[in-house]
Structure formats: structure tokens, C-alpha cells
Amino acid sequence: MSTTAAPFTATILGSPRIGPNRELKRAVEKYWSGRIDRAELESAAAALRRDTWASLVAAGLDSVPVNTFSYYDQMLDTAVLVGALPTRVGGITDDLDRYFAAARGNDEIAPLEMTKWFDTNYHYLVPEFRPDTSFSLNPVKVLAELEEARAQGVPARPVIIGPVTFLALSKAAEDSVGAPSPIARLDELVEIYAELLGVLVDHGVEWVQFDEPVLVTDMVDNAAELAERAYARLGGLTKRPAIFVATYFGELTDALPALVRTPVEAIGVDLVAGSAAALAAVPELKDKLLVAGVVDGRNVWRTDLDRALGTLDSLRGSAKAVAVSTSCSTLHVPYTLDAEPDIDAALRSWLAFGLEKVTEVVALARGLGQGRDTISAEIAASNAAIASRTSDPRLNNGQVRERISSIVASGAKRGPADQRRTAQQERLKLPALPTTTIGSYPQTSAIRIARADLRSGKIDAAEYNRRMKAEIADVIALQEQLGLDVLVHGEPERNDMVQYFAEQLDGFFATQNGWVQSYGSRCVRPPILYGDVARPEPMTVEWIIYAQSLTDKPVKGMLTGPVTILAWSFVRDDQPLADTAAQVALAIRDETVDLQSAGIAIIQVDEPALRELLPLRSKDKEDYLRWAVDAFRLSTSGVADSTQIHTHLCYSEFGEVIGAIADLDADVTSIEAARSHMEVLDDLNAAGFSNSVGPGVYDIHSPRVPGVEEIATSLREALKAVPAERLWVNPDCGLKTRTTDEVTESLKHLVTATAKVRAG
Ligand code: GLN
Ligand code: ZN
């Protein structure tokens with residue numbers, strides 16, 4: 001070993017940074033709008049870092065991740081570190097303004113693209129490479145945080161995204177087609193990392209963590225080989241800190257022996273997503289510190305300490321030393337259970353959020369180092385919680401389980417697609433190229449005020465309902481006036497398309513303060529799906545029939561699909577996801593049946609997250625897509641052939657799931673396509689899809705109002721791929737982020753363009 005750093009015993013791979021009460025969100029948003037200056041922003045950020053480190057040290061970690069703070073995103077931070085920001089922000093002299101311009105764009109500059117961080121709900125910014133992108137080391141941020149941590153006496157371990165992952169997640173800039181993919185620049189980038197290691201050792205750093213989650217995926221063909229080359233070079237440096245390569249979100253296969261062959265001192269493995277069994281087969285691991293991620297960093301369940309300690313004990317012989325860790329950064333879970341006053345005692349005992357996970361790591365490290373007896377109280381409490389969880393009747397609703405088996409056994413199938421099309425056309429009598437929208441209308445200030453007033457007790461539920469109905473009436477009147485063919489109620493009553501349902505379903509708990517960062521300053525509060533899911537009563541019917549009572553045009557019932565509900569919740573880990581998905585599907589199915597009985601002729605079941613849950617390894621994809629499609633079909637097959645089922649998909653490259661989209665067999669699929677220029681239609685045709693489709697004709701993510709000609713052109717283009725009887729006209733997503741003026745103008749143009757194209 002070229003360093004003398006002592007191995008650590010207890011750590012986490014990273015932690016939340018948005019603040020226990022979203023302090024960072026508030027501070028950056030104030031800074032963006034000019035309400036605070038840079039000094040105020042920096043002091044808010046420094047206070048958060050200080051508190052985070054203090055709590056991690058107090059809890060007993062002997063190595064603490066630093067440089068995990070970010071004003072926006074860690075991939076963007078890494079781009080800054082290696083000097084690879086896009087040239088279009090190069091003209092901005094202030095470093096923080098330049099950083100935020102890359103993240104958010106401004107009037108002249110387009111922001112970096114944002115996409116999902118592996119299979120989590122965190123979104124990172126995608127660095128862009130041009131053939132002339134050159135690297136240069138800019139370690140200001142990491143050194144500043146190190147210095148702060150050192151002043152606080154923190155055993156700091158800087159965390160940096162590793163070179164293989166950084167390049168694998170970057171892309172060639174759109175205007176440099178034909179340029180080699182960023183990963184081709186690995187050797188060059190590794191030299192920057194080599195330089196960084198020299199700087200870090202000069203600053204007294206003993207351990208550095210490089211995150212390489214890409215090694216658990218199939219994203220890069222020869223990832224193991226690339227990692228071996230990179231870490232052989234970095235590990236071969238004589239002047240450097242000890243290197244810890246952290247991997248997470250899945251199992252290392254061939255990359256494990258590859259990493260083990262390099263001179264790095266520590267390797268981190270995710271033992272929640274992967275198994276410990278494979279580790280014993282790698283004899284050279286005996287020279288390394290194995291950082292065992294036995295505490296789930298991305299879900300909210302309390303660790304089975306007895307079992308985790310068993311796993312840790314079994315690893316003793318496999319490595320030179322074993323440290324205890326979370327499986328990944330706790331960025332993906334809320335700060336602490338203490339911020340949730342309303343959880344019942346049993347449910348509370350089953351959970352562990354960020355801080356509680358740190359306590360588990362520390363207990364396990366003590367148990368491993370000093371013997372099981374030293375944590376017998378902790379193990380007893382964990383065993384009691386697990387016993388309470390397995391025996392709780394809320395986790396085992398016999399009626400739900402029986403109903404699912406009997407529906408599945410009876411086939412859960414609708415009639416053939418052409419038979420449905422005929423029955424629906426007879427009932428709905430829609431014109432060719434029917435016009436519609438995706439569901440939500442602008443979140444007006446009246447809606448926000450009503451929600452706040454209800455929360456603060458200023459108004460009661462009856463008054464809230466009255467205000468929501470007034471919003472619905474406005475939205476219906478607007479759509480009538482615009483001349484749309486299929487109307488929606490506008491979703492004013494929904495705070496969020498998943499939480500709204502979670503709050504009404506048994507088996508879910510909606511947290512009060514369980515915020516996690518989704519991207520930049522945006523946070524979400526995923527509900528906790530802890531038990532068997534059941535629907536005590538209808539969830540949407542009252543609103544939809546009210547909307548339908550105001551118009552002769554059909555109003556679409558609007559539901560969120562089972563896969564999306566799972567994707568945006570913390571889901572129980574005691575049974576296969578497929579089983580949980582079926583339970584959610586049953587609740588949605590019951591809702592569709594009630595909507596149909598109330599006279600609703602069209603029901604949309606949104607699945608924007610279909611692509612999100614796609615497993616990271618190719619071998620697992622088929623199984624996932626099978627149960628995802630089954631769940632959607634279970635949720636939509638309870639209605640008559642004459643009831644039209646729509647679905648909506650967005651946020652993604654559909655390539656890998658295109659066959660599954662066809663298999664959903666919805667009567668009408670609206671799909672984000674405004675930016676992918678109808679390619680998706682060709683792909684759907686190639687997948688044998690022959691139901692109706694509404695490729696978004698304009699991009700709702702921008703305030704720009706599309707012109708009539710532009711929409712007409714896009715429709716004519718779509719008609720080359722799909723005949724008029726199968727083509728719907730709609731925006732590419734819900735309208736809730738837009739203003740009423742933008743929506744009114746855009747939809748006016750959409751209706752006019754459709755009339756023009758219908759006329760030929
Ligand atoms: N029906 C939802 C809406 O219009 C769909 C949102 C989404 O696609 N993410 O807001
Ligand atoms: Zn959408």
C-alpha cells in the first residue's frame with residue numbers, strides 16, 4: 001500500500017444536503033430571485049454542512065463524507081472540478097452565476113439536459129462534450145469544504161464521482177454528432193484525477209472516495225476493463241491518499257475482480273441490492289478494506305441488525321478488514337423520523353430515515369468490532385420491530401390477495417382492440433383527429449391559496465371542495481370555449497399525482513416532512529407504501545362526475561397507474577414489487593369500474609414512470625416489463641369494451657420500453673414526442689402497435705406558445721406514420737406548470753391547426 005491511512009470502520013456514502021427543513025432550497029431560490037446575496041447564500045450552505053457533519057460525528061462515524069454538499073447537483077460539481085462546463089457558459093465571469101446558468105439556463109443559454117440518476121428519482125445534469133472540450137483541474141470546492149471540515153475536527157473523506165461513471169453519464173453535445181462518445185476520453189480525464197490526488201494528499205487527505213455506480217449497470221460495454229485501467233493508473237501513483245472505490249445500486253459482476261486487481265485500498269459494495277456470496281470467490285479481496293453497504297441507503301426500512309451482523313461476520317475472512325456502510329448515499333431518504341409526529345408507533349418502529357440509518361451503521365460496526373453482545377439491546381429492538389412488522393394485519397389483507405388471484409385466474413382481459421374501437425366509436429362519436437389534453441390545467445394562485453387555507457384551518461373541507469369545484473367549472477368552460485373534443489377536469493384537487501392517491505389508499509403513509517431532493521431545489525415527499533393496498537372508497541369519482549355534469553362533451557376520468565405509484569413511493573421490501581404492483585392495480589381497477597358506473601366513458605391511467613423502474617441490468621428487464629404490463633392491464637381490464645382506456649407516457653427515451661407500451665394495449669396512448677420529432681411513432685409502428693396514439697404536438701415544458709402552422713406541420717408529419725382514424729391531437733404533457741394565458745393561446749392554436757388538417 002502506498003499510503004499509511006488506517007482503515008475506517010463506520011461510514012455512509014453520502015447524505016442529504018437540502019436541509020432538514022429544506023433550508024438550502026429556500027436559500028438558493030432566494031438567491032436566484034435576488035432576495036439574498038451571495039454571502040447570505042454561502043453562510044446558509046455552510047451552516048447546513050456544519051450541522052450535517054456534527055451530527056454524523058456525534059453519531060459515531062469514524063470517516064465522514066465531505067464534498068457531498070451541492071448547490072445543485074454532484075455531476076455538475078464534477079464537471080466544474082475537471083473544467084468541463086459547456087463553452088456556452090464560458091462567457092459568464094462569476095463562478096456561481098456560471099454554475100447556475102449551466103444548471104438552469106437563462107434568456108440566452110440553454111441549460112444542461114437533466115436525466116435520472118440510475119433507477120432513483122434523483123435527476124442529475126448531463127455534462128456535454130465537444131471534440132474540443134479540454135479538461136483542467138479546478139479543486140476549489142472540494143478544498144474549501146475540506147478546510148471547513150478540518151476546522152470542525154471532522155474525519156473528512158472527500159467524495160468525488162469517479163472518472164468512469166462521470167464519462168459514462170456524460171454525452172456528446174447535440175451539435176457535435178459523430179464525435180466519439182465521452183468515455184473515449186477516459187485516459188485523458190484520469191490524468192486530471194491523478195493531479196487531484198496529488199493536491200488532496202498535499203492537503204492532508206487520508207482517504208478519498210470515488211463513486212463508480214456505473215459498474216453495476218450494463219451501460220458501458222467494457223466498464224470493468226475501463227475501471228481496471230483507470231484505477232491501476234490512479235492506484236499506481238506514489239503520492240496519493242488511500243482510494244476507496246464505492247459502487248452502489250446493484251451487484252458488481254466482472255467489475256469486482258477487475259477492481260480488486262488494482263492497487264486501490266478499499267472497495268464498496270451494495271449488499272442490499274447485491275449478495276455477499278459472490279465476494280468470497282475473489283481471493284485478492286483479502287488485501288482490501290471491504291466497505292459493506294448493509295444498511296439500505298435508498299429505502300426507508302429499518303435494518304434487520306441480526307441478519308446484517310450475520311452478513312458482516314461472514315465477510316470477515318474475505319477481506320483484510322470490513323467497514324460498515326449504507327448501501328448508497330442517504331441522499332435518497334428523508335433526514336430523520338423525528339420530523340414525523342403522526343406515525344403510529346408500530347409503523348415508526350419499522351422505519352429508519354437518514355439519521356436513524358447512521359445509528360444502525362454505528363451499532364453494526366460496534367457489533368462487528370467488539371462482539372454481538374455489545375449491541376444486544378439494539379438487536380433486540382430491531383428483532384422486535386421486525387416481529388411487529390411481519391405480524392401486523394395491515395401487511396396481510398386476505399380479501400385483497402384473494403381478489404387478485406381470482407381476477408388473474410379468470411384472465412383479466414378486455415375484448416380484441418378492433419371490437420373495442422367499434423364499441424367506443426358508437427358510444428363517443430368523436431371526429432377524426434380528436435383533440436384533448438393530458439389532465440392538469442394551470443395551478444392557479446386560487447388553488448394554492450385554497451390548499452394553504454385548508455392546511456392552516458382557515459377554511460373547512462366543504463369550503464375547499466367548493467373552491468375546487470369553481471376551478472373545475474372554469475377549466476370546463478375554457479375547454480368548451482376552445483372547442484376541444486375530449487375534456488378533463490384539470491386536477492386542481494391533486495397536490496401530486498401519486499400522493500393524492502396514497503393519501504386515500506390503505507397501506508400508504510404520507511409523510512409530513514419526508515422531503516427528498518428530486519433535482520436542484522426541487523424536493524418531493526414520496527409516500528411510504530408499507531402494507532397491503534386497499535381502496536376504502538372511491539377517490540376521484542365525485543370530481544369527475546361534477547366536471548361531466550357541466551358539459552355534453554366526454555370528460556376523461558384521470559388516474560395514476562400502478563407502476564408510477566410504485567416508482568414515486570418508498571415501497572415495502574418484504575415481497576416482490578410485482579405483488580405490490582398488483583395490489584395497487586386492483587385499487588385503480590376498482591376506481592375505473594366506479595367511474596364507468598357513474599357514466600364516464602373515457603378513463604386515462606397515467607404511466608409516466610414506466611421507463612423509470614427499468615432495471616439496470618439487461619437480464620432483469622424482461623421480467624420487470626412483464627409484471628409492469630400485467631399490473632397496468634389488471635388496472636384497466638375491469639371495464640366494458642365501450643369504455644375507452646387512455647394512457648400517458650413521458651419523461652423518457654422510449655426505445656427500450658416500446659414493446660411494453662404496445663403491450664399495455666390502451667385504446668389511446670398519449671406520449672411525449674414534441675422533442676423527438678415523431679420518431680416514436682415509427683418505433684411504435686415497428687413494434688406492431690395498432691391502437692390510437694396522441695404524440696404530443698408541442699412541448700409544454702417551455703413557456704413558448706406554438707404557432708398554428710407549426711402544429712399543423714407536426715400533425716401532417718404524424719399522419720405519414722399513423723392514419724387519421726388512429727391519431728389524436730394533444731400537448732405532450734400536463735399543463736399544470738404553465739400559465740392560463742399560455743395554455744389558452746397554445747390550445748387555441750392546437751384546435752385551429754387540427755381543423756385545418758382535418759379540412760385537408
Ligand atoms: N395527468 C397528469 C397531468 O396532466 C400527467 C402528469 C405527467 O405526465 N407527469 O398532470
Ligand atoms: Zn406527462
Filter pass, Arg389 being of a type outside the set (A, V, I, L, M), touching an Asp or Glu at 6+ places or on another chain (Cβ under 6 Å) and surrounded by 11 or more Cβ atoms within 10 Å (Cβ to Cβ): no
If a residue has to be within 16 Å of ligand 2 (Cβ to nearest atom) and open to solvent by less than 40 Å² (accessible area, probe 1.4 Å) to count, how many in region 691-746 make the cut? 19
If I ask for residues that are within 16 Å of ligand 1 (Cβ to nearest atom), in a loop (DSSP other than H, G, I, E, B) and of a type in the set (D, E, K, R), which ones from region 602-651 would you list? Glu607, Arg611, Glu612
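Condition first: under 25 Å from Phe118 (Cα atoms) and open to solvent by less than 10 Å² (accessible area, probe 1.4 Å). Now tell me which residues in region 625-659 satisfy that.
Here is the first cut: in region 625-659, the ones under 25 Å from Phe118 (Cα atoms) are 625-632, 647-659.
Ala628, Ala631, Phe632, Thr647, His648, Leu649, Cys650, Val657 - these are the residues of region 625-659 that are under 25 Å from Phe118 (Cα atoms) and open to solvent by less than 10 Å² (accessible area, probe 1.4 Å).
Okay, residues lined up against (1) assigned to a loop (DSSP other than H, G, I, E, B); (2) modelled with pLDDT of 90 or more; (3) within 18 Å of Phe166 (Cβ to Cβ):
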residue: Thr93; (1), (2), (3): yes, yes, no
residue: Leu96; (1), (2), (3): no, yes, no
residue: Phe100; (1), (2), (3): no, yes, no
residue: Ala103; (1), (2), (3): no, yes, yes
residue: Asp107; (1), (2), (3): yes, no, no
residue: Thr120; (1), (2), (3): yes, yes, yes
residue: Tyr124; (1), (2), (3): no, yes, yes
residue: Phe135; (1), (2), (3): yes, yes, yes
residue: Asn138; (1), (2), (3): yes, yes, yes
When region 42-76 is examined, which residues are found to be open to solvent by less than 40 Å² (accessible area, probe 1.4 Å) and without any contact (Cβ under 8 Å) to a residue 40 or more places away in the chain? Ala44, Ala45, Ala47, Leu48, Thr52
Being aliphatic (A, V, I, L, M) and either under 20 Å from Val639 (Cα atoms) or within 16 Å of ligand 1 (Cβ to nearest atom) (or both) is the filter here, so list the residues in region 652-671 that pass it. Val657, Ile661, Ala662, Leu664, Ala666, Val668, Ile671
Of the conditions (1) within 16 Å of ligand 2 (Cβ to nearest atom); (2) closer than 24 Å to Ala273 by Cα, Asp623 fails just one. Which one is it? (1)
Members of region 580-614 found to be of a type in the set (Asp, Glu) and within 16 Å of ligand 2 (Cβ to nearest atom), listed by number: Asp606, Glu607, Glu612
Region 707-760, residues that are away from ligand 1 (no atom under 16 Å from the Cβ), in a loop (DSSP other than H, G, I, E, B) and among the hydrophobic types (A, V, I, L, M, F, W, C): Val722
Here are some conditions: (1) closer than 16 Å to Gln499 by Cα; (2) touching a residue at least 60 places away in the same chain (Cβ under 8 Å); (3) open to solvent by 20 Å² or more (accessible area, probe 1.4 Å); (4) more than 21 Å from the chain's Cα centre (by Cα). Val533 meets all but one. Which one does it not meet? (3)
Any pair with Cβ under 8 angstrom, 6 or more apart, that starts in region 342-364 at a residue that is over 20 Å from Ile375 (Cβ atoms) and ends at one that is surrounded by fewer than 18 Cβ atoms within 10 Å (Cβ to Cβ) and modelled with pLDDT of 95 or more: Ala346/Ser388; Ala346/Asp392
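The rows are residues; the columns are (1) touching a strand residue (DSSP E or B) at 6+ places or on another chain (Cβ under 8 Å); (2) crowded, with 24+ Cβ neighbours inside 10 Å; (3) among the small types (Gly, Ala, Ser).
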site	(1), (2), (3)
Glu542	no, no, no
Tyr546	no, no, no
Thr564	yes, yes, no
Asp573	yes, no, no
Val584	yes, yes, no
Ala598	no, no, yes
Ala601	yes, no, yes
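The values are calculated or read from the model by the stated rules, or taken from the named source; none is laboratory data. Note that this is a predicted model, so its numbers are computed, not measured. Note that each Cβ is placed from the backbone with ideal geometry, even for glycine, and that neighbours are counted across all protein chains shown. The area values use the complete protein model at the heavy-atom level, side chains included, leaving out ligands, DNA and RNA. Shrake-Rupley method; radii C 1.70, N 1.55, O 1.52, S 1.80 Å.
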